[in-house]
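First comes the structure, then the notes that go with it.
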Amino acid sequence: MPVRKIVHIDMDAFYASVEQRDDPQLRWKPVVVAWRGNRSVVCAASYEARKFGVRSAMPAVRAERLCPHAVFLPPDFPRYRAVSRQVRDVFRRHTDLIEPLSLDEAYLDVTENKTGLPTATQVARTIRNQIRVELQLTASAGVAPNKFLAKIASDWKKPDGLFVIQPEEVDSFLPLLPVGRLPGVGKVTEEKLKALDIHTIADLRRLELPALENRFGRYGVRLYELARGVDESKVVPDRPTQSISAEDTFERDVLISETEPMIRRLAELTWAASRNESRTARTVVLKLKTAEFKILTRSHTPSFPPSSCEELTAIALSLREHVSLGQQQRFRLVGVGVCNFLDPEDILAQPALFG
């Protein structure tokens, strides 16, 4: 079986970079993509802002304290999705085996590529150059014999970097890394490993498979394999969309009767995003988080899929009537989403199915 050639492409500070590209006055300035407010979080930060410690998922108020002179911009997801499609058009020149992870990153299997380039490294270098020249954006790339190593590699020389892990280099590269670099090792698992005096992948390699299974169950097998650079997961192209949603946190807790403006805005964002799908969503979902952090979801599946933003909005607003926590209950977050996607031919058959 030939060694696979996997490339992981990660766009650099994607949302912020798009904003800087489209507005020359923002170039070389610290840019933070986030709604302003006490409860908003950072969607993206330019590298100029990161020098001050600003990071994605950080509370926006903390980002403002760290970098008070940063330019704060509300996210424009329809624009970011349009640029993401242009990036994937570049990928498709080289391979059809593309597995998007988000708008700004994807795995590519280039074991065989369309352009006849002799190495995966040259494919990655060409893709990065095409993105730079055609889209005026930068991307970092990792090249490796499997997915999880390629993802580690793409982060190695960010921003605007290319790092290659050759098959024969895996056993010298991997053991030096902290165990937290392994996929699935979050803070909880990392603490459990540290309790066993396991800090690096070299430490992890010293544990036998039965000991890992006994401690971590099925994930113990995965840990054993990852520590040895083994990852047989394939690049899965065209993974169908399961759901699309938009949500936001209020600056202050609000009554459910006060949520209409936010629901309308989020429904517009969700509707715009759903227009990029060839399939149509049947189910509308309303998500609410109480002041006590309890999450509620309410959904409705009409006989026919929503055919306009107005219809989607009306359904989302009506779902508030099914929340029975009392009129004085206050909420800190609201979200609007769609799911239960149908192919076009299924929609045409609906009168027979649901009539």
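Every number here is computed from the coordinates shown, using simple stated rules; none is lab data. Owing to the predicted nature of the structure, the values given are computational and were not obtained by experimental measurement. Please note: Cβ atoms are built from the backbone with ideal geometry, for glycine as well, and neighbour counts cover all protein chains shown.
Things worth noting here:
- MRE, 222 nm, helices only [DSSP H, n ≥ 4, -39500 (n - 2.57), over the chain, to nearest 500]: -10500 deg cm²/dmol
- What the phi angles of the stretch 287-293 give under the Karplus curve with 6.51, -1.76 and 1.60, with θ = phi - 60°, is a coupling list of 10, 9, 10, 6, 4, 8, 6 Hz, glycine and proline written as x.
- Protection proxy ranking, highest mean first, for peptides 245-257, 95-107: 95-107, 245-257, where packing is the per-residue count of other beta-carbon atoms within 10 Å, averaged.
- Here the label points at residue 234 and residue 102, each 7 Å from Cα along the C-beta direction, are separated by 2.7 nm in the simple model.
- Highest-MSF residue in the chain out of 272, 281, 211 [GNM, Cα springs under 10 Å]: 211
- Of all aspartates and glutamates in the structure, those lying under 14 Å Cα to Cα from residue 157, and not within fewer than 8 positions of it along the same chain, are 10, 12.
- Distant-in-sequence amide H partners of residue 146 (H built 1.01 Å from N, under 5 Å): 6
- GNM flexibility winner over the chain from 22, 160, 231 (Cα, springs under 10 Å): 22
- Listed by Cβ neighbour count within 10 Å, with the fewest neighbours leading, 94, 300 appear as 300, 94.
- Other-chain or far-sequence residues with amide H under 5 Å of residue 250's (modelled H): 333, 334
- Cα coordinate range in the stretch 195-300, projected on the principal axes (Å, largest first): 58, 38, 22
- The peptide list 114-120, 164-170, 62-68, 14-20, put in order of mean Cβ contacts within 10 Å with the highest first, becomes 14-20, 62-68, 164-170, 114-120.
- For the stretch 180-227, with +1 on Lys and Arg beta carbons and -1 on Asp and Glu, the positive-most of 185, 200, 224 along the dipole: 185
- Taking 31, 236, 110 in turn, the Gaussian network model of the chain (Cα-Cα springs below 10 Å) assigns the largest fluctuation to 236.
- All distinct Cα pairs of the chain go into the 1/r average, and the inverse of that average, the Kirkwood radius, is 23.0 Å.
- Candidate lysines - alpha carbon under 16 Å from residue 158, same-chain residues fewer than 8 apart omitted: 51
- Inter-part distance where the stretch 209-256 and the stretch 150-191 are each reduced to a Cα centre, Å: 17
- Annotation for the stretch 285-347: GluC sites (Glu not before Pro) lying in DSSP loop with at most 13 further Cβ atoms inside 10 Å of their Cβ are 292.
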